[in-house]
1. Would you please name the residue that is modelled with the highest pLDDT, looking only at residues in the stretch 59-83 that are assigned to a loop (DSSP other than H, G, I, E, B) and exposed (fewer than 15 other Cβ atoms within 10 Å of the Cβ)?
2. Considering the stretch 42-58 alone, what residues qualify as being part of a helix (DSSP H, G or I) and closer than 22 Å to residue 76 by Cβ?
3. For residue 63, indicate whether it is under 12 Å from the mean Cα position of the chain (by Cα) and either more than 21 Å from residue 25 (Cα to Cα) or without any contact (Cβ under 8 Å) to a residue 60 or more places away in the chain (or both).
4. Do you know which of the residues in the stretch 98-113 that are in contact with a helix residue (DSSP H, G or I) (Cβ under 7 Å, 6 or more places away or on another chain) and at pLDDT 95 or above is surrounded by the most Cβ atoms within 10 Å (Cβ to Cβ)?
5. Inside the stretch 84-95, can you point out the residues that are in a strand (DSSP E or B), modelled with pLDDT of 95 or more and under 14 Å from residue 39 (Cβ atoms)?
6. Do we have any residue at all in the stretch 26-41 that's out of contact with any strand residue (DSSP E or B) (no Cβ under 8 Å at 6 or more places or on another chain), within 17 Å of residue 113 (Cα to Cα), at pLDDT 95 or above and outside any loop (DSSP other than H, G, I, E, B)?
């Protein structure tokens, strides 16, 4: 079985007027939490990202996209916002910072404690 981290999960680009709604929802969540991950429950890199934060005693919030009712719309919104197609999506202080390796780098260099 292949990695489930990929955005190639068969989502369909939403063609409805609710797209701005999902952009607002995601932006609101990003602003609400200092450290936020958007993950997929069975994605190994997503599990590693959560584990790294927990091991380092870092408080964070996360959303498993594949457990949300509007998974495809939120995933599409994240891909559009970040120009990146793979989970995890890591946001720090309101800005997209990258994925697992970016998160590990910030922790390793002491930017996140």
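1. For the stretch 59-83, the residue satisfying everything is 59.
2. 45, 46, 49
3. yes
4. That would be 103.
5. Of everything in the stretch 84-95, those that are in a strand (DSSP E or B), modelled with pLDDT of 95 or more and under 14 Å from residue 39 (Cβ atoms) turn out to be 89, 90, 91.
6. No; the residues of the stretch 26-41 include none that is out of contact with any strand residue (DSSP E or B) (no Cβ under 8 Å at 6 or more places or on another chain), within 17 Å of residue 113 (Cα to Cα), at pLDDT 95 or above and outside any loop (DSSP other than H, G, I, E, B).
The values are calculated or read from the model by the stated rules, or taken from the named source; none is laboratory data. Just so we're clear, the structure is a prediction, and the values are computed from it rather than from any experiment. When we count neighbours, we look across all protein chains shown, and the Cβ atoms used for this are built from the backbone with ideal geometry, even at glycine.
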